[in-house]
1. Condition check: at pLDDT 95 or above and touching a helix residue (DSSP H, G or I) at 6+ places or on another chain (Cβ under 7 Å). Does Ala140 satisfy that?
2. When residues of the stretch 38-65 are filtered for being buried (at least 17 other Cβ atoms within 10 Å of the Cβ), assigned to a helix (DSSP H, G or I) and of a type outside the set (S, T, N, Q), how many remain?
3. Identify, from the list Ala106, Ala115, Ala90, the residue that is assigned to a loop (DSSP other than H, G, I, E, B) and either out of contact with any helix residue (DSSP H, G or I) (no Cβ under 6 Å at 6 or more places or on another chain) or not acidic (Asp, Glu) (or both).
4. Report, by residue number, each residue of the stretch 177-219 that is within 23 Å of Ser10 (Cβ to Cβ) and of a type in the set (Gly, Ala, Ser).
5. Looking at the stretch 85-113, which of the residues that are farther than 19 Å from Leu210 by Cα and free of Cβ contacts under 8 Å to residues at least 24 places away in the same chain is surrounded by the most Cβ atoms within 10 Å (Cβ to Cβ)?
6. Every residue in the stretch 123-150 that is of a type in the set (Gly, Ala, Ser), surrounded by fewer than 19 Cβ atoms within 10 Å (Cβ to Cβ) and outside any helix (DSSP H, G or I), please.
7. Any residue at all in the stretch 2-23 that's in a helix (DSSP H, G or I), open to solvent by 40 Å² or more (accessible area, probe 1.4 Å), touching a Ser or Thr at 6+ places or on another chain (Cβ under 8 Å) and at pLDDT below 95?
Amino acid sequence: MGVSAAVAASLVRRLSQAEPPPPWGLFAAVNAALVGLIAIVAGSFIGLSVFGDQPAALLTGWTIGSLVTVIFVSVSRRQPDERAALRLDAGQTRLYLVLLFSLGMAMVIDLVDLAVTGAFLPAPELVDLLAQPGSALAWAIAAALLLAAQPAAEELVFRGMLFPAARARLGPWLALLLAAVAHAAFHYAAYARPEIPLWHALVSPFLAGLVFTGVRVYTGSTRAAVVAHAAFGLFALLKVVALLG
């Protein structure tokens, strides 16, 4: 049995194992996602009012929205049993291996995206940064968004809250699918642009959501899913650098 087959078999086994239900339900998890989306929209207005049509505008707004989402989850899930259920510890997980694996998966998904769309496209969040190579401030905000704020916010919501709640209510396989679908729908609503093909704006985030949820299942750690998400953000930034070069 090859390494990939062994990992897949281990993932299936771990997904089939029972996990204690979290002290919140699906409604609370969906509510957190809605709060995150509203925060992204509100933050966008703030960023546009400060920076106008500069690349830093939406990047700032999205970063603000992500930070508000992190704060909301942290405040609303502050009880010890809730913090434990969020699975924020790394446990025995080697996070550098998660980072390397996720970088590889980001490359694979990007190659699939290239094969389908025929174009080497930036992440939707970085379209403005590619169209108008921004200031050092815009690049710094983009790095803060894609390497920290967005991974923390989305993984707390979709892998920290939604996945375990759905797993308890719907079963592991439907929960895996739901977490990826919700992740893709959130990205499409928050970041999609008219010039971005539907595959790149919706299907690629769905595939990424499958990877992040798979990492959460395999490691049992939401922190590991945050690292996986940050790896995709790192790849997105390096890709824009390559496109500009």
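The values are calculated or read from the model by the stated rules, or taken from the named source; none is laboratory data. Bear in mind the structure is a predicted one, so any value in this text is a computation, not a measurement. Note: ideal-geometry Cβ built from the backbone for every residue, glycine included; neighbour counts use all protein chains shown. Protein only, heavy atoms only, side chains kept; ligands, DNA and RNA dropped before computing areas. Shrake-Rupley method; radii C 1.70, N 1.55, O 1.52, S 1.80 Å.
1. No: the conditions fail for Ala140.
2. 13
3. Testing whether each residue is assigned to a loop (DSSP other than H, G, I, E, B) and either out of contact with any helix residue (DSSP H, G or I) (no Cβ under 6 Å at 6 or more places or on another chain) or not acidic (Asp, Glu) (or both) leaves just Ala90.
4. Hits for the stretch 177-219 are Ala179, Ala180, Ala208, Gly209, Gly214.
5. Ranking the qualifying residues of the stretch 85-113, first place goes to Arg94.
6. If we filter the stretch 123-150 for residues that are of a type in the set (Gly, Ala, Ser), which is where we start, we get 123, 131, 134-136, 138, 140, 142-144, 148-149.
Narrowing further to those that are surrounded by fewer than 19 Cβ atoms within 10 Å (Cβ to Cβ): 131, 135-136, 140, 143-144, 148.
Correct list: Ser135 only.
7. no
Residue-wise test of (1) of a type in the set (Phe, Trp, Tyr); (2) open to solvent by 20 Å² or more (accessible area, probe 1.4 Å); (3) at negative phi; (4) modelled with pLDDT of 95 or more.
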{"residue": "Ala152", "(1), (2), (3), (4)": "no, yes, yes, yes"}
{"residue": "Leu177", "(1), (2), (3), (4)": "no, yes, yes, yes"}
{"residue": "Ala192", "(1), (2), (3), (4)": "no, yes, yes, no"}
{"residue": "Ala201", "(1), (2), (3), (4)": "no, no, yes, no"}
